[in-house]
1. Counting other Cβ atoms within 10 Å, which GluC sites (Glu not before Pro) in region 70-122 have at most 15 and lie in a DSSP loop?
2. Counting DSSP beta bridges in the chain, what percent are antiparallel, to the nearest 5?
3. Explain nothing, just the number: relative contact order of region 1-68, from Cα pairs under 8 Å at least 6 residues apart, as a whole percent.
4. Determine the relative contact order of the chain: mean sequence separation of Cα pairs under 8 Å and six or more apart, normalised by residue count, in whole percent.
5. List the cysteines in the chain whose Cβ has no other cysteine Cβ under 4.7 Å from it.
6. In terms of the ratio Rg/(2.2 N^0.38 Å) built on C-alpha atoms, what value belongs to the chain?
7. How much length would be gained if the chain were fully extended between residue 3 and residue 122, taking 0.36 nm per residue of separation minus their Cα-Cα distance, in nm to one decimal?
8. From the helices alone, meaning DSSP H stretches of at least four residues, give me the mean residue ellipticity at 222 nm for the chain, per-run term -39500 (n - 2.57), in deg cm²/dmol to the nearest 500.
Amino acid sequence: MAVITFGQKEDAKQYIKRPAVYCLMFNKQKDRIAIIKTGDGKYFLPGGGIENNETHEGCIKREALEEMGMEIELGHFIGCAQRYFFSTNEYKCYLSEGYFYLCEMGKQVSEPTVWVEPIRAVENLFHEHQIWAVHEALKLI
């Protein structure tokens, strides 16, 4: 599996590898995509770090409930991409290794999900590898 890499690795720095699973989920009309807006105004795809021995499916289902209040079904695997970056919140260097999946909406069990046009997601997402995944998902729908 070829992995696309974003960001620049600086030789003098130690990077913490952080595998994560992300959801690309479109509404029924396929004209909006689910995103998460953090308290500091940054935009991300729903998903996050794999905990302990979680499977990809277990991770994304847990994250979807936590972030969107929604049960989801894991769909087509889009691909893997990674990004070198410095976290200004944690003051650490990370290699975010993202696994991206198309997902289907399930039952909404709490707070509603934020939906935006894919172009707005591309313009606002914080991580380049998440922008890449949106472009790849658009090819599949």
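1. Hits after loop and neighbour filter: 90.
2. 65
3. Across region 1-68, relative contact order equals 27 percent.
4. Computed value for the chain: 33 percent relative contact order.
5. 59, 80, 93
6. 1.01
7. 40.9 nm
8. Dividing the helical sum by the residues of the chain leaves -7000 deg cm²/dmol.
Here, each number is a calculation from the coordinates, and none is a lab measurement. Bear in mind that the values here come from a model prediction, so they are computed numbers and not experimental data. So basically every Cβ, Gly included, is an ideal-geometry build from the backbone, and we count neighbours across all protein chains shown.
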